[in-house]
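Chemist: Below you'll find the structure I mean.
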Amino acid sequence: MVATFLYEGKAKKVFETDDPNEVIIIFKDDATAFNAQKKDSFSEKGRVNLAFSKYFFDLLHENGVKTHVVSFIDETSMRAKKVDIIPLEVVVRNLAAGSLCRRLGFEKGMALNPPLCEFYLKDDALDDPILCREHIRYMNTATEEELSYIEQQALKVNEIIYNFMDSNNITLVDFKLEFGRTSEGEIILADEISPDTCRFWVKGTMESLDKDVYREDKGDLVGSYKKLAEILGLEL
């Protein structure tokens, strides 16, 4: 197998392979917050995040959600379908937290029923601004039909993971998803699902077991991720 470097993001490196429809994604130990204004590196973080992503992608596959995953190579790398990432960050919220509280003054922990689905422009230079459907239409990012499909898939992912985590005494507060188009034009779930991209609280509390531990300097980041893994019975 020949792998050629393609792209490096904040948390992952992407390599082309001898198959034009597949890439290799390597999870890094880097942590960033506030659009990379805060940066650090933590031993084992990449390995732990990949383990969580495998855990959640396997759960979604069992429930009929299509993703970019082809296979998992080792503790820090996976093989995935090559997709053109749609430049939207899709955020689903079950409880108010983070930027929603800062922007709108919502009380932290306020229940959002039904869940709120938001779209943000995936552009660090513009600080990932929130978008309405009209913005997306004018930008030709996705058709109305595609956007409705993405929203429906995001809410399906939310239902699956929320119910699963709730059964393990963990609350899925909110999370970010990214979607991409395959060479055939099919839209599938991509990127990762981990405590880096989700807010998880111990049920009945606001104890964070996610990247807010790093954002808010609340303790040991990887240690918090490992605590979540232990609750879920995920061997790391």
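Chemist: Looking at S194, S208, can you tell me which residue is over 20 Å from V14 (Cα atoms) and crowded, with 22+ Cβ neighbours inside 10 Å?
Modeler: Numbers: S194 fails: over 20 Å from V14 (Cα atoms).
Going through S194, S208 in turn, just one is over 20 Å from V14 (Cα atoms) and crowded, with 22+ Cβ neighbours inside 10 Å: S208.
Chemist: Next question. Among E146, E134, E107, which is surrounded by fewer than 14 Cβ atoms within 10 Å (Cβ to Cβ) and either assigned to a helix (DSSP H, G or I) or not charged (D, E, K, R) (or both)?
Modeler: Only one candidate qualifies: E134.
Chemist: Which pairs have Cβ atoms under 6 Å, sit 6 or more apart or on different chains, and link a residue in the stretch 194-214 that is over 15 Å from L232 (Cα atoms) and assigned by TED's automatic domain parsing to the domain that holds V173 to one that is basic (K, R) and buried (at least 20 other Cβ atoms within 10 Å of the Cβ)?
Modeler: These pairs meet every condition: D196/K211; T197/K176.
Chemist: Counting only residues that are touching a residue at least 24 places away in the same chain (Cβ under 8 Å), small (G, A, S) and assigned to a loop (DSSP other than H, G, I, E, B), how many does the stretch 79-104 have?
Modeler: So the answer is 2.
Chemist: Looking only at the stretch 51-78, count how many residues are in contact (Cβ under 8 Å) with a residue 60 or more places away in the chain and of a type outside the set (G, A, S).
Modeler: The total comes to 11.
Chemist: Taking the stretch 24-78 on its own, how many of its residues are assigned to a loop (DSSP other than H, G, I, E, B) and in contact with a strand residue (DSSP E or B) (Cβ under 7 Å, 6 or more places away or on another chain)?
Modeler: Residues in the stretch 24-78 being assigned to a loop (DSSP other than H, G, I, E, B) and in contact with a strand residue (DSSP E or B) (Cβ under 7 Å, 6 or more places away or on another chain): 8 in total.
Chemist: So, in the stretch 149-188, exactly how many residues are more than 19 Å from R137 (Cα to Cα), out of contact with any Asp or Glu (no Cβ under 6 Å at 6 or more places or on another chain) and part of a strand (DSSP E or B)?
Modeler: Of the residues in the stretch 149-188, 8 are more than 19 Å from R137 (Cα to Cα), out of contact with any Asp or Glu (no Cβ under 6 Å at 6 or more places or on another chain) and part of a strand (DSSP E or B).
Chemist: Of the conditions (1) out of contact with any helix residue (DSSP H, G or I) (no Cβ under 8 Å at 6 or more places or on another chain); (2) closer than 30 Å to L236 by Cα; (3) of a type in the set (G, A, S), S148 satisfies every one except a single condition; which number is it?
Modeler: (2)
Chemist: So, of the residues in the stretch 6-41 that are hydrophobic (A, V, I, L, M, F, W, C) and over 22 Å from D123 (Cα atoms), which turns out to be surrounded by the most Cβ atoms within 10 Å (Cβ to Cβ)?
Modeler: Top of the filtered list is V23.
Chemist: Next question. So, of the residues in the stretch 150-174 that are closer than 14 Å to L88 by Cβ and touching a strand residue (DSSP E or B) at 6+ places or on another chain (Cβ under 6 Å), which turns out to be surrounded by the fewest Cβ atoms within 10 Å (Cβ to Cβ)?
Modeler: The selected residue is E151.
Chemist: Related question: With F57, F72, F5, F34 as the choices, which residue is among the aromatic types (F, W, Y) and within 19 Å of Y225 (Cα to Cα)?
Modeler: F57
Chemist: Can N49 be described as polar (S, T, N, Q) and more than 30 Å from D217 (Cβ to Cβ)? Write out each step before concluding.
Modeler: Working: polar (S, T, N, Q): yes; more than 30 Å from D217 (Cβ to Cβ): no.
Taking the combined requirement at face value, the residue does not satisfy it.
Chemist: Quickly run through the stretch 100-141 and pick out the residues that are among the small types (G, A, S) and modelled with pLDDT under 95.
Modeler: A125
The values are calculated or read from the model by the stated rules, or taken from the named source; none is laboratory data. None of these values were measured; they are calculated from a predicted model. Cβ coordinates were reconstructed from backbone atoms using ideal geometry, including for glycine residues, and neighbour counts include every protein chain displayed.
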